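A short write-up of the structure that comes next.
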Amino acid sequence: MSDLAAWDRLVDLLTDDPRVAPEVRLALTDADAYLERHAEQLADRGIDEAGDVEAVLALVDALAAVGDLARVDWKEPSEYLLEVVGALPRVRATGIAIDGVLHHDEVCPVVAAANRLLAPAGVVVVVVEEGTDDCPLVALPVDRHAAVVAAGEAVDVWVRKPD
């Protein structure tokens with residue numbers, strides 16, 4: 001499988017929104033154009049050269065832009081974390097209230113508790129590691145979890161479900 005095809009597979013498993021794949025493809029095939037299109041956003045991350053553009057950052061930013069990703073800091077208060085995770089379209093569609101599920105000072109235990117509530121509805125929240133202090137969270141159908149992990153491994157992106 002080509003690099004582009006492997007990235008397309010990961011994108012297709014993470015989101016149904018057709019606006020994400022073109023952003024990832026642009027970062028992979030024309031980093032200069034991607035940098036120009038997203039210069040201000042990338043400058044906030046200290047990226048000002050095309051050689052520093054990474055497809056995983058394009059993926060996370062594009063998922064966030066379409067509302068399929070909640071970006072939180074690892075040490076966010078659990079109330080805020082549950083609010084942003086609960087607002088993800090796939091979580092919201094379950095009708096399950098996850099607010100108040102667990103009060104903890106770290107993301108992973110809170111997401112793990114939310115996942116226990118969401119699993120019977122066929123949804124799981126995963127972390128898409130991007131190499132920053134952020135904790136990018138994506139909700140996806142449970143039956144895609146193993147495939148997403150494998151697709152992430154194929155492009156050196158660690159996708160994991162907090163336990």
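List of remarks:
- For segment 44-163, the helices (runs of 4 or more DSSP H) that sit wholly inside it and include 3 or more residues that are closer than 21 Å to Ala6 by Cβ, of a type in the set (A, V, I, L, M) and in contact (Cβ under 8 Å) with a residue 40 or more places away in the chain are 55-65, 145-154.
- Per-region count, segment 82-104, residues in contact with a helix residue (DSSP H, G or I) (Cβ under 6 Å, 6 or more places away or on another chain), open to solvent by 50 Å² or more (accessible area, probe 1.4 Å) and farther than 20 Å from Arg160 by Cβ: 3
- Residues of segment 98-156 satisfying the condition of being over 30 Å from Ile47 (Cα atoms) and of a type in the set (Gly, Ala, Ser): Gly100, Ala112, Ala113, Ala114, Ala119, Ala121, Gly122, Ala146, Ala147
- Among residues that are over 19 Å from Arg160 (Cα atoms), at pLDDT 95 or above, surrounded by 18 or more Cβ atoms within 10 Å (Cβ to Cβ) and touching a Phe, Trp or Tyr at 6+ places or on another chain (Cβ under 6 Å), Ala21 is not included.
- Just one of the listed residues (Val72, Val107) is among the β-branched types (Val, Ile, Thr), surrounded by 14 or more Cβ atoms within 10 Å (Cβ to Cβ) and either touching a Lys or Arg at 6+ places or on another chain (Cβ under 9 Å) or closer than 26 Å to Arg25 by Cβ (or both), and it is Val107.
The values are calculated or read from the model by the stated rules, or taken from the named source; none is laboratory data. These numbers were taken from a predicted model, which means no experiment stands behind them. Cβ atoms come from the backbone with ideal geometry, glycine included; neighbour counts cover every protein chain shown. Note: accessible area is taken over every heavy atom of the protein model, side chains too, but ligands, DNA and RNA are not part of it. Shrake-Rupley method; radii C 1.70, N 1.55, O 1.52, S 1.80 Å.
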